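*Asks:* One structure, pasted below without further comment.
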Amino acid sequence: MAGEGGAAVLEPRAVQAGGHVAETGGAEGVRLRRGVDCMARRFSLFDWGMVTPDELAVLIAQLETEVRWQTKSFGGCPRDIASWIFADFDREAPPPEDMACVGAHMAKLLGVLDQVHAGDVVFPIQLYVNRYNDGRNYTRVHAHYCRQLTVSLGNERALDVEGPGIPGRQRLRLRTGDVVLLDGQLHGVVEDSAAVGLRFSLNLFYCTAEDLTTQRRGRSAVSVQYAPHVARQKTPCFRCGFHHPRAERCEHEALGPDWNAGHGIA
């Protein structure tokens with residue numbers, strides 16, 4: 001991935017997000033606020049000046065030929081998967097030998113998260129790569145007990161997202177290079193036809209230092225595994241975007257009409 005630090009902003013392009021067209025930009029527009037900021041985000045790697053379409057095409061070809069895939073069936077939904085665990089949150093942990101092609105880009109992805117979580121410290125937990133051979137490979141709606149950055153590569157697919165920060169369910173059309181940031185939201189790749197071609201998703205599960213020292217949304221630990229109470233409270237305060245008891249008066253600053261520079265999925 002080209003660029004230093006991933007902060008460059010290219011010409012903005014319009015992206016369709018559940019009926020809302022947003023103009024994409026750079027790190028300032030995507031940055032999360034300290035505290036329990038539960039709004040989902042989307043943006044494109046191209047708009048950060050990090051990668052070109054040709055470079056992503058090379059990565060897709062490497063994923064096809066170099067990774068040793070395992071076929072798994074989750075709730076009757078088969079797909080190919082590969083995994084890279086960051087023991088003790090070690091950012092310098094080397095990738096598995098067959099995932100070296102992804103490892104070459106990890107520093108840049110972590111650099112994106114460092115900017116998104118400015119003022120906090122990002123700890124990677126696991127990189128989970130999905131291979132959807134055609135539209136019949138999909139995932140049921142599920143959630144994780146941590147944060148995640150998901151990069152879409154290859155053919156366009158639909159992703160349903162619901163939960164904190166999103167009133168109801170939104171269906172997002174993700175193209176190659178599109179990124180979604182989630183924090184416990186229920187989500188799932190929508191089933192499609194066999195005619196839909198190959199797609200990969202890079203799912204970087206992570207937490208922050210603040211996550212490990214505070215009970216965010218009532219939790220005191222982080223895990224990639226699903227926990228039912230992650231999405232127990234699906235909607236934050238519509239005034240501020242944070243979770244707090246609805247019976248309490250909102251003491252946070254209100255979201256402006258252009259919050260998150262149009263990146264919010266809402």
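The values are calculated or read from the model by the stated rules, or taken from the named source; none is laboratory data. Note that the structure is predicted; figures quoted are calculated from it, not measured. All Cβ positions, glycine included, derive from the backbone under ideal geometry; neighbour counts span all protein chains shown. What goes into the accessible areas is simple: the full protein's heavy atoms, side chains included, and nothing from ligands, DNA or RNA. Shrake-Rupley method; radii C 1.70, N 1.55, O 1.52, S 1.80 Å.
*Asks:* Looking only at residues that are in a strand (DSSP E or B) and modelled with pLDDT under 90 in the range 50-96, which one is surrounded by the most Cβ atoms within 10 Å (Cβ to Cβ)?
*Replies:* Filtering the range 50-96 for residues that are in a strand (DSSP E or B) and modelled with pLDDT under 90, the one surrounded by the most Cβ atoms within 10 Å (Cβ to Cβ) comes out as 79.
*Asks:* Would you point out the residue of the range 120-146, among those that are in contact with a helix residue (DSSP H, G or I) (Cβ under 8 Å, 6 or more places away or on another chain) and open to solvent by 10 Å² or more (accessible area, probe 1.4 Å), that is modelled with the lowest pLDDT?
*Replies:* 145
*Asks:* All but one of (1) at positive phi; (2) in contact (Cβ under 8 Å) with a residue 12 or more places away in the chain hold for residue 86; state the number of the condition that does not hold.
*Replies:* The one condition residue 86 does not meet is (1).
*Asks:* Of all residues in the range 115-155 being closer than 16 Å to residue 209 by Cα and in a loop (DSSP other than H, G, I, E, B), which is nearest to the chain's Cα centre (by Cα)?
*Replies:* 146
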